[in-house]
Amino acid sequence: MTETTFLLTSNATPSGSVVAPQQLVASLGGENLSPELRWSDAPEGTRSFAITCYDPDAPTGSGFWHWVAWDLPASESSLPLGVSREDSSLKQARNDFGNHGYDGPEPPPGAPHRYQFSVHALPVETLDIAPQDPHVGARFAIFSQQLGSASFTARYQVTSGNTRGKLSATGRARPVSPHRDRS
């Protein structure tokens with residue numbers, strides 16, 4: 001029997017990289033767009049997919065969920081850049097910001113945070129969970145019955161008390177002078 005490797009990739013935010021500026025929230029100079037995602041070699045028996053983005057380093061005691069989406073058909077193998085909160089091709093829970101769909105990194109100043117993007121292969125076509133329900137129900141259904149998952153991790157760090165700013169090449173926010181162009 002040949003083993004296949006379930007794989008998740010993104011050109012926007014490759015594994016091990018700094019989260020792309022487009023994926024950051026507006027307060028960090030970003031566009032708050034979900035990254036484009038591509039996956040391959042899902043396990044046999046997959047009937048739908050779910051997507052999650054999780055920050056295990058958030059100072060909450062239980063991390064921070066940036067995106068919980070489900071009921072993507074098994075025929076899909078990608079999501080485009082900037083999935084709309086109103087996209088009807090999948091269901092999206094309220095994230096820990098309180099918004100439906102994706103919201104990007106906005107960590108407090110300090111140590112780097114890891115952002116774990118995952119695709120989960122599910123043996124059912126639908127989770128039968130309403131998007132307005134707390135995401136813990138969707139997460140329980142995803143993690144308790146997944147056939148497999150594929151993930152990558154990117155990081156982001158804010159190093160000053162000022163979270164508004166332009167991005168340096170290291171993915172750190174640097175303060176914007178009030179006398180300089182903010183574009």
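Report, by residue number, each residue of the range 7-28 that is more than 30 Å from residue 43 (Cα to Cα) and surrounded by 19 or more Cβ atoms within 10 Å (Cβ to Cβ). Result: 24, 28. Of the residues contained in the range 101-114, none is found to be more than 25 Å from residue 11 (Cβ to Cβ), at pLDDT 95 or above and open to solvent by 30 Å² or more (accessible area, probe 1.4 Å).
Might you let me know whether the range 128-135 holds any residue that is among the hydrophobic types (A, V, I, L, M, F, W, C) and surrounded by fewer than 21 Cβ atoms within 10 Å (Cβ to Cβ)? Within the range 128-135, one or more residues are among the hydrophobic types (A, V, I, L, M, F, W, C) and surrounded by fewer than 21 Cβ atoms within 10 Å (Cβ to Cβ). With respect to the conditions (1) in contact with a helix residue (DSSP H, G or I) (Cβ under 9 Å, 6 or more places away or on another chain); (2) over 19 Å from residue 139 (Cα atoms); (3) touching a residue at least 60 places away in the same chain (Cβ under 8 Å), residue 31 lacks only one, and its number is (3). Say we look at the range 73-83 and pick out the residues that are outside any loop (DSSP other than H, G, I, E, B) and under 13 Å from residue 8 (Cα atoms); which of these is most open to solvent (accessible area, probe 1.4 Å)? Filtering first and then ranking leaves 78. Within the range 21-72, the only residue that satisfies the criterion of being aliphatic (A, V, I, L, M), more than 24 Å from residue 91 (Cα to Cα) and assigned to a loop (DSSP other than H, G, I, E, B) is 58.
The values are calculated or read from the model by the stated rules, or taken from the named source; none is laboratory data. Please read all numbers here as calculations on a predicted model, not as lab measurements. Because the Cβ atoms are built from the backbone with ideal geometry, glycine has one as well, and the counts that use them run over all protein chains shown. All accessible areas refer to the heavy atoms of the entire protein, side chains included, with ligands and DNA or RNA removed. Shrake-Rupley method; radii C 1.70, N 1.55, O 1.52, S 1.80 Å.
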